[in-house]
1. Please tell me if Ala44 is among the small types (Gly, Ala, Ser), surrounded by fewer than 14 Cβ atoms within 10 Å (Cβ to Cβ) and over 22 Å from His77 (Cα atoms).
2. Looking at the structure I just gave you, is Leu100 surrounded by 24 or more Cβ atoms within 10 Å (Cβ to Cβ) and assigned by TED's automatic domain parsing to the domain that holds Leu239?
3. Only one of (1) over 18 Å from the mean Cα position of the chain (by Cα); (2) at pLDDT 90 or above; (3) polar (S, T, N, Q) is not met by Thr182, so which one is it?
4. May I ask you to list the residues in segment 133-170 that are in contact with a helix residue (DSSP H, G or I) (Cβ under 6 Å, 6 or more places away or on another chain), in a helix (DSSP H, G or I) and buried (at least 21 other Cβ atoms within 10 Å of the Cβ)?
5. Being surrounded by fewer than 16 Cβ atoms within 10 Å (Cβ to Cβ) and within 17 Å of Ala188 (Cβ to Cβ) is the filter; apply it to segment 264-288 and report the residue that is nearest to the chain's Cα centre (by Cα).
6. So, Ala27, is that one surrounded by fewer than 13 Cβ atoms within 10 Å (Cβ to Cβ), at negative phi, within 31 Å of the chain's Cα centre (by Cα) and assigned by TED's automatic domain parsing to the domain that holds Pro70 or not?
7. Given the structure, is Ala105 assigned by TED's automatic domain parsing to the domain that holds Gly224, more than 30 Å from Ser57 (Cα to Cα), more than 15 Å from the chain's Cα centre (by Cα) and not acidic (Asp, Glu)?
8. Name the single residue that is farthest from the chain's Cα centre (by Cα) among those in segment 236-263 being assigned to a strand (DSSP E or B) and under 19 Å from Thr182 (Cα atoms).
Amino acid sequence: MGKQTIRQALHQLTHHTTHSDTPALDAQVLLAHIIQKSRAWVLAYPETTLTPSQQKSLNQAIKQLENHIPLPYILEHWEFYGLDFTLSPDVLIPRPETELLIEEALHWLQTHPQKRRAADLGTGSGCIAITLAKHISDLHIAASDISLAALKIARANAEKHRVAERIEFIHANLLADNLQPTTLDLLAANLPYIPTQTLHTLDVHEREPTLALDGGENGLKLIGRALEQARRNLARGWLMLFEIDSSHGERAVELAHQHYPHANIRILPDLTGRDRLLRIEDNLCKPD
C-alpha cells in the first residue's frame, strides 16, 4: 500500500479493531502511539500523510491486530489507576474492575496508619503492589508470582515508578515459605478466577496468559489455597481482599467462612453492580 493520510489510516485501523468495544477510540490511540503525537493531534490533522517509517509501523500493527493481539500488548503499556504500566504478553492486562480493590485497600490503610506490611499475590505487572506503594509512602509489600517473566516486568514497573525499594518481589506460588509468620496486615490479590471450562469459551483465551486467568474447575481454587496459606502469616487486625468473578459471590463467602468463621466477610460490587471483591477482615480489627 502507498502513502496514507491519517484519515485513511484511522479507517483501516478501525476496520481491524472490531473485536474491541471501542474500535474508533482504539484506532486513535494506536495511531497516536505510532506517530508519537497526542490523540487530539491525530484528530486535528486528518489529512497529514504518514512518513515511510510510520507507514511501516502501521502495517506491523495491522498484522498484530489480524493475529488478535490485544491493543495494550501492541502499545507495550497501559494505564491503571492513573499510572502507566509497561506490559508484555507474559502479564495480564490491568482492568478497571481491579481499581475497586485499590480503593478499598487505600481507604483501609489510610484509616489504619500502623498497618504497613502487605502482600500482593500473583502480582503480574505489579499494578496492585506498585499503585498501593505509590499512594502509601511508608507501605512495604511482598509481591509474589509463579512466573519469572512476570516478575521481570513487575520489577521494571516498580523502578519506573520509584517504589522498588519498598517492594520485595518473590518467585513463589502464592505466599512464599520464607515470609515471617504473623507479619502481614493486608493481603490483596487478583488471582486467576475464571473456571477452566468457561475460559475456553471466552475471547480472552489464548490472547492473554492462561496462567493468569485459569482459576481451576470452579474458579476458586487459588483463592481457597491462598486463604489456607495466609493463616500463619496474618498479624492481629488484618484485612484480605480478593477480586472474584461476578458469579462467585455466594460461593466465595462460603469458602471464606470455612477458613475464617469468625471474620467479618462481605462482597463488594463494582461500578456495574456485579459482585467483584471478597473482603475478609479480622473481627478484632479497629482503626488505630
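1. Numbers: among the small types (Gly, Ala, Ser): yes; surrounded by fewer than 14 Cβ atoms within 10 Å (Cβ to Cβ): yes; over 22 Å from His77 (Cα atoms): yes.
Yes: the conditions hold for Ala44.
2. Values: surrounded by 24 or more Cβ atoms within 10 Å (Cβ to Cβ): no; assigned by TED's automatic domain parsing to the domain that holds Leu239: yes.
No, not satisfied.
3. Failing condition for Thr182: (2).
4. Ala133, Asn157, Ala158 - these are the residues of segment 133-170 that are in contact with a helix residue (DSSP H, G or I) (Cβ under 6 Å, 6 or more places away or on another chain), in a helix (DSSP H, G or I) and buried (at least 21 other Cβ atoms within 10 Å of the Cβ).
5. Initially, segment 264-288 is screened for residues surrounded by fewer than 16 Cβ atoms within 10 Å (Cβ to Cβ), giving 264, 266, 269, 271-274, 283-284, 286-288.
Of the ones still in play, those that are also within 17 Å of Ala188 (Cβ to Cβ) are 264, 266.
Numbers: Asn264: 26, Arg266: 22 Å.
The selected residue is Arg266.
6. Numbers: surrounded by fewer than 13 Cβ atoms within 10 Å (Cβ to Cβ): no; at negative phi: yes; within 31 Å of the chain's Cα centre (by Cα): yes; assigned by TED's automatic domain parsing to the domain that holds Pro70: yes.
Criteria not met by Ala27.
7. Values: assigned by TED's automatic domain parsing to the domain that holds Gly224: yes; more than 30 Å from Ser57 (Cα to Cα): yes; more than 15 Å from the chain's Cα centre (by Cα): no; not acidic (Asp, Glu): yes.
The answer is no for Ala105.
8. Arg236
The values are calculated or read from the model by the stated rules, or taken from the named source; none is laboratory data. Just so it is clear, the model here is predicted, and its values are computed rather than measured. Every residue, glycine among them, receives a Cβ derived from its backbone with ideal geometry; neighbour counts consider all protein chains shown.
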